[in-house]
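Have a look at the structure below before the remarks.
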Amino acid sequence: MANTISKNTMDEVDSAYQVLKAAGHPLYYRDLIDQAIALKGGAARASAYTIADVHTRINLDSRFVHTGKSMWGLNEWSPQRISSYDADEPAAARQDTKRRERLLAAIQQDFDNEDAGSATESDSLLEGEAELDEEEMEDNEA
């Protein structure tokens, strides 16, 4: 009997795949399962056991993806994995953040100096810019 259940369930899961493929958009799980069972030639209203069984098998099948709020779609509709260029982006963003923090500290120091009465010229504010660039290059090499 176990073989009969898995064979019938597999047919229902394949039917669910066909239903989603034809729909072209995610469906509510109950509607998806009801349509899959109807496509297979089953009862108009499935039993709770059948719904739970098919839902579990859909959840385990890599062709399907849960899109949220009890909606199911096809994995092939999902965006592809990020490229290696995009994977390097967080490292570049961290370096950019370091540089911004250093520049912000230099600007803050300049404002603190102005408040103390020793105003500096804007050229001296970015005086350490070349040093910052050198430090950034050293960080990249490390």
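The values are calculated or read from the model by the stated rules, or taken from the named source; none is laboratory data. Here the structure is a predicted model, which means the values were calculated and not measured. Every residue, glycine as well, gets a Cβ built from its backbone with ideal geometry; the counts of neighbours run over all protein chains shown.
Here are the numbers for this structure:
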{"item": "First in segment 103-123 and modelled with pLDDT of 70 or more, second anywhere and among the β-branched types (Val, Ile, Thr), Cβ under 7 Å, 6 or more apart", "result": "Asp110/Thr120; Asn113/Thr120"}
{"item": "Count - residues of segment 46-80 that are in a strand (DSSP E or B), in contact with a strand residue (DSSP E or B) (Cβ under 8 Å, 6 or more places away or on another chain) and surrounded by fewer than 15 Cβ atoms within 10 Å (Cβ to Cβ)", "result": "1"}
